[in-house]
Amino acid sequence: MTSRRRASSPATEADATVARHGRLPRTGAGRGVLKLVGAGLAVVLVSSLCVAGVAVWNLTSQIKPGVALEGEENIPEIGAIEGGVNLLLVGSDSGEGNPAYGERGEHLADVTMLLHISEDHSNATVVSFPRDLLVPIPSCDGHSAMSAQKLNSSLSYGGLSCTVETVKDLTGLDIPFAAKIEFDGVIQMSNAVGGVPVCVASDIRDKQIGLYLTAGEHTLSGWDALQFVRTRYGVGDGSDLSRISNQQVFLSSLARTIKSAETLSDPVKVYGLAQAAVSNMEMSNSLQNVTTLASIALALKDIPLDNVNFVRYPGGTGTSGGLSVVIPNKSDASILFDAIAADQPITITGDTGDGSSVDPNAPVEEATPETPETPADPGATGEATAPDATQPPTPTSVELPSTIMGQSAGTYTCSAGQ
């Protein structure tokens with residue numbers, strides 16, 4: 001699949017009244033057949049796919065040798081999907097999954113992330129969009145287009161497909177895959193892996209949701225894990241932007257936890273992740289096919305954590321119609337999405353964001369001593385060897401503006417409490 005840029009309509013700073021409409025129907029998630037790749041999807045849908053293929057690969061590798069059956073040669077093999085992938089994940093805080101998160105009938109996108117897997121499956125980029133980002137929303141589900149609304153209202157306005165269309169217009173990228181997950185999925189996934197370790201640099205006191213964590217190391221599961229992901233007024237400057245960097249602390253740690261041998265070697269944990277994913281999802285029709293799900297997961301199997309970058313859509317806080325919003329920085333964002341469309345790797349030059357900081361006590365991997373290569377010809381004169389013309393050139397990495405903050409999945413960070 002080749003990414004395609006499209007011209008996006010300009011945003012204005014008009015009133016940002018959130019539109020709310022009636023309850024939307026949910027579609028089935030095909031739970032039975034998806035358990036095979038659920039372990040991959042658990043990461044696909046909550047830690048942004050960075051280790052999905054590893055879980056799938058581990059699960060299938062434990063199957064004992066089979067018995068040959070007549071006609072089985074006609075069954076196609078499942079391999080990694082060809083080319084790149086763009087997949088949109090929406091985390092909903094609606095009361096549809098659990099009334100503790102909101103009123104039934106209200107569908108607001110609390111988390112919106114776009115995953116891009118490179119054409120050669122060597123790296124991946126996850127873009128987090130602030131829920132308060134002021135954007136145009138196209139005509140959805142029979143409703144008129146709006147020139148400037150908060151991004152999270154697009155889910156209420158026209159369901160998952162409307163959020164996809166909104167992000168497509170904003171980024172100019174084709175997005176053929178999408179999924180929505182309820183917050184109960186975060187609880188179940190954190191429980192399935194036995195808790196997610198997080199570092200807290202300074203105390204978190206969020207009276208709005210009742211989350212209180214002292215500085216230090218914590219292993220979070222269940223309700224505490226969900227509240228950590230949801231907290232806004234307990235981290236950084238209390239803005240939507242600080243919340244995203246705090247979420248990336250959790251997601252990168254969850255990715256490392258899932259990829260660890262302690263998780264992948266435990267069938268109970270692997271199947272727990274699978275169940276947590278498929279029982280809390282609404283997926284696009286393009287993801288209903290088990291072969292497609294498995295092939296996307298396998299595309300991520302060999303991507304190192306350091307090659308998975310979490311970044312935040314650039315923008316600054318402001319007001320519109322008396323409401324707090326995030327004003328998009330379109331010029332800097334275009335550099336990011338031009339790189340994604342061209343399938344170029346990216347380099348983050350900005351910091352991790354106000355809601356987090358690099359962990360000063362992060363483990364340091366010992367460098368492996370390099371072994372000098374023995375020349376193929378003992379009599380070699382040391383002349384330069386011509387590059388292999390059959391190998392495609394390595395894409396040039398694009399340095400992002402410092403306004404685009406984030407971290408790699410391999411970077412250890414701490415939450416910055418208030």
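The values are calculated or read from the model by the stated rules, or taken from the named source; none is laboratory data. Just so we're clear, the structure is a prediction, and the values are computed from it rather than from any experiment. Cβ placement follows ideal geometry from the backbone for every residue including glycine, while neighbour counts extend to all protein chains displayed. Please note that ligands, DNA and RNA were not included when accessible areas were found on the heavy atoms of the full protein model with its side chains. Shrake-Rupley method; radii C 1.70, N 1.55, O 1.52, S 1.80 Å.
Comparison of Leu251, Leu220 shows that the only residue that is closer than 29 Å to Val325 by Cβ and either touching a Phe, Trp or Tyr at 6+ places or on another chain (Cβ under 7 Å) or touching a residue at least 12 places away in the same chain (Cβ under 8 Å) (or both) is Leu251. For Ser128, indicate whether it is open to solvent by less than 20 Å² (accessible area, probe 1.4 Å), in a strand (DSSP E or B) and at pLDDT 85 or above. Taking the combined requirement at face value, the residue satisfies it. Exactly one residue out of Glu399, Glu366 is at pLDDT 95 or above, open to solvent by 80 Å² or more (accessible area, probe 1.4 Å) and over 30 Å from Tyr233 (Cβ atoms), and it is Glu399. Within the range 111-124, how many residues turn out to be open to solvent by less than 10 Å² (accessible area, probe 1.4 Å) and of a type in the set (S, T, N, Q)? Selection size over the range 111-124: 2.
Of all the listed residues (Gln208, Gln188), the sole one being open to solvent by 50 Å² or more (accessible area, probe 1.4 Å), touching a residue at least 24 places away in the same chain (Cβ under 8 Å), part of a helix (DSSP H, G or I) and not β-branched (Val, Ile, Thr) is Gln188. Of all residues in the range 242-273, exactly one satisfies the criterion of being aliphatic (A, V, I, L, M), open to solvent by 50 Å² or more (accessible area, probe 1.4 Å) and in contact with a helix residue (DSSP H, G or I) (Cβ under 9 Å, 6 or more places away or on another chain), namely Val268. When Asp237 is tested against (1) of a type in the set (Asp, Glu); (2) more than 23 Å from Ser118 (Cα to Cα); (3) in contact with a helix residue (DSSP H, G or I) (Cβ under 8 Å, 6 or more places away or on another chain); (4) not in a strand (DSSP E or B), only condition (3) is not met. Please go through the range 303-356 and give me each residue that is under 20 Å from the mean Cα position of the chain (by Cα), among the polar types (S, T, N, Q), modelled with pLDDT under 95 and part of a strand (DSSP E or B), ordered by number. Within the range 303-356, Asn309 is the sole residue that qualifies.
Among the numbered conditions (1) open to solvent by 10 Å² or more (accessible area, probe 1.4 Å); (2) modelled with pLDDT of 90 or more, the only one that Leu108 does not meet is (2). Criterion applied to Val249, Val198, Val229 was being outside any helix (DSSP H, G or I), on the phi < 0 side of the Ramachandran plot and under 20 Å from the mean Cα position of the chain (by Cα), and the one residue passing it is Val198. None of Asn280, Asn309 is among the polar types (S, T, N, Q) and within 30 Å of Ala339 (Cβ to Cβ) except Asn309.
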